[in-house]
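Please read the structure below before turning to the comments.
Here, each number is a calculation from the coordinates, and none is a lab measurement. Note that the structure is a prediction, hence the values are computed from the model and not measured. A quick note on method: Cβ atoms are made from the backbone with ideal geometry, for glycine too, and the neighbour counts reach across all protein chains shown.
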Amino acid sequence: MRYNERELLSLARQPAEKAAEIRMSVPKKGSVLKKRLVKLVVNFLFYFRTDEAEPIGALLLEHCKITKEEDNVFSISFIEEPERKYCFECATEEQCQEWVEALKRASYEFLRRSLIFYRNEIQKMTGKDPLEQYGISEEARFQLGAHRQ
Amino acid sequence: MKLNERSVAHYATCDSPADHAGFLRKRVERHHHHAHHHGTSYQRRWFVLKGNLLFYFEERESREPVGLVVLEGCTVELCEAAEEFAFAIRFDDAGARAYVLVADGQAAMEAWVKALSRASFDYMRLVVRELEKQLEEACKSLAACRKSPRRSSSSSGRKRHLSNPALQPLQEKPTTLENGYSTWNSGGCVAGGASYTDHEGGQTKPPPLPPRRRSAAGSATGSPAPGLSPALLESPVSPETICFSKLHNWYGQEIAVLRREWQERQKRGHP
C-alpha cells in the first residue's frame with residue numbers, strides 16, 4: 001500500500017501531544033525492550049531511536065486496544081491481531097497511567113464519539129443542535145446511530 | 001519508516017463507516033526525466049475517506065487499498081487542470097507532490113472538497129473542544145437558574161423545563177472508550193422525541209479551519225525530534241480535558257440534585 005511518507009515524516013516533527021523516552025518492544029519474535037523516543041501526534045504514535053531525527057516507525061492508533069499490563073507497562077494491539085502487542089515500559093506507574101489515558105483518547109474515532117456525545121447532551125439540555133451554527137449538522141460522521149453497523 | 005500497514009489496511013476495509021466515498025480519477029504523476037511531458041493521464045479509483053485518512057482502491061470491491069493519503073496538514077483547492085471538476089490536495093512542503101483528483105460532476109466535486117477540507121484531526125478536535133465548552137456553559141446556566149430567586153409565575157416555567165425529558169438522570173454511560181472497542185450504548189442516547197431539525201441556510205459558517213500544521217521552528221536538522229515544544233499555532237490536548245466518563249458523572253450529580261430539589265418542591269407545593 002502506497003502512502004505519502006513524506007507528509008507522515010513531517011507530521012512526526014510537529015509539536016506532540018505527548019512525548020517521552022520509553023522502553024518499547026515490537027511484536028516480533030525475540031524482540032527486546034529498547035529505549036525509544038515515543039511521540040504522540042494526532043492519531044499517530046511515532047517512535048524514534050533517541051539520537052535520530054527521523055522515526056523508525058509509526059503506528060496509526062485507530063481500532064487499537066490499549067491495555068494496562070503489569071507494573072509500569074502498557075501495550076498497544078490492533079483489533080484484527082490482538083496477540084501482536086507493542087509493549088511499553090514506563091519509568092513510573094504514573095507515567096504509565098498518563099500514557100494509557102492519552103492513547104485511549106488519541107483516535108479519530110474517539111473524537112467522533114465525543115462529538116456525537118456532546119452534541120446530543122447539548123441538544124437535550126438546550127433543545128438546540130450546536131452543529132447547526134457551523135453548517136455541519138448533516139455530515140455523516142456526526143450522526144448518532146449512523147455507526148456501529 | 002515502518003507503518004503498521006496491515007492494521008491500517010484493515011481499518012480501511014472494515015465495516016466502520018466511511019465519512020465519504022466515491023469514484024474519482026486520480027492524475028498519474030510521472031517523473032520528468034526529459035524536457036518534454038509525457039502527457040497527463042488519469043486512473044479511476046474508488047476513494048474512501050475515514051477520519052483524516054484518504055484511501056484509494058483499484059475497484060470498489062477490492063479487498064485492500066492500493067494507496068493512502070494522510071490528510072493532516074493538507075489544503076484542498078480547486079484546480080486549474082485541463083480537466084473539469086478537478087481539485088488538488090496539497091501539502092506545505094515545497095517539494096511535495098499534489099494529488100490531483102477529478103470528480104464526475106460539480107456536486108461530487110463540491111462534496112469531496114468540503115469533506116476533505118474538514119477531515120483533519122485538528123479540525124475535529126477544535127469542534128469537540130468547542131462543544132465541550134458549550135456543554136459546560138449550558139450546565140452552568142442551569143445551575144444559575146437553580147440559584148436565582150423564584151416567583152410563582154416563573155417557577156411553573158422552570159418546572160416545565162425541569163420535567164423536560166432531557167434532564168433524566170444520564171443513564172447512557174460510555175463504559176470503555178477504547179479506540180474502536182467502544183462499548184458505548186448509542187441506542188440509549190437519543191432522548192425521546194429529540195429531533196435534529198436542521199435550519200441550515202443563511203449565513204452559517206463552519207468553525208474556521210485550524211491553522212495548518214507547519215514544521216516546528218525548533219526542528220533543526222540533526223537534532224532529535226524534541227518533546228513538547230511550545231506549540232506556536234495550536235495547543236496540545238489541554239490537561240483539563242477530562243475523559244468524559246468523569247464529565248458524565250459530574251453532570252449526572254448536578255442533575256440528580258436538581259431533580260431531588262424539584263421533587264421536594266413538588267411535594268411542598270409551589271413556593
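Calculated mean residue ellipticity at 222 nm for chain A: -8500 deg cm²/dmol, from DSSP H runs with n ≥ 4 weighted as -39500 (n - 2.57), summed, divided by the residue count and rounded to 500. Quick one: if the Förster radius is 30 Å, what FRET efficiency do B:Glu61 and B:Arg6 give, using the C-beta to C-beta distance and rounding to 0.05? So, using R0 = 30 Å, E works out to roughly 0.90. Mean sequence separation of contacting Cα pairs (under 8 Å, at least six apart), scaled by the length of the range A:5-110, corresponds to a relative contact order of 22 percent. In this structure, the residue pairs whose Cα-Cα separation is over 22 Å, taken from A:Lys104/B:Lys140; B:Lys26/B:Lys114; B:Lys2/B:Lys114; B:Lys147/B:Lys267, are A:Lys104/B:Lys140; B:Lys2/B:Lys114.
Taking amide H positions as modeled 1.01 Å from N, with prolines and chain starts lacking one, the residues under 5 Å from A:Arg36 and 5 or more places away or on another chain are A:Ile22, A:Arg23, A:Met24. Residues A:Tyr118, A:Tyr47, arranged from fewest to most other Cβ atoms within 10 angstrom of their Cβ, appear as A:Tyr47, A:Tyr118.
Each of B:Arg60, B:Arg25 was scored by other Cβ atoms within 10 Å of its Cβ. Listed from fewest to most, they are B:Arg60, B:Arg25.
Amide hydrogen proximity for B:Gly51: with H placed 1.01 Å from N in the peptide plane, the residues at 5 or more positions away or on another chain lying under 5 Å are B:Asp19. Among A:Leu37, A:Phe110, A:His63, which residue has its Cα positioned farthest towards the positive end of the charge dipole of the range A:5-110, with +1 placed on the Cβ of Lys and Arg, -1 on the Cβ of Asp and Glu, and the dipole taken about the Cα centre? Final value for the positive-end residue is A:Leu37.
Look at where the Cα atoms of the range A:18-66 and of the range B:1-80 average out, and the two centres are 26 Å apart. Peptide B:131-143 has a mean shielding of 4, counted as Cβ atoms of other protein chains within 10 Å of each residue's Cβ. Note on the range A:83-125: Cα-only Rg and Dmax are 15.2, 44 Å.
Treating only the Cα positions of the range A:59-149 as identical point scatterers, give the base-10 log of I(q)/I(0) from the Debye formula at each q in 0.25 Å⁻¹. The computed values of log10 I(q)/I(0) come out as -1.18.
For A:Thr50, A:Thr126, the sequence from fewest to most other C-beta atoms within 10 Å is A:Thr50, A:Thr126.
Restricting the calculation to Cα atoms, the range A:5-110 shows an Rg/Rh of 0.93 when the hydrodynamic-style radius is the Kirkwood one.
Counting, for every residue in A:98-111, the Cβ atoms of other protein chains within 10 Å of its Cβ and taking the mean gives 5. The angle between the Cα long axis of helix A:93-104 and the main principal axis of chain A comes to about 50°, on a 0 to 90 degree scale.
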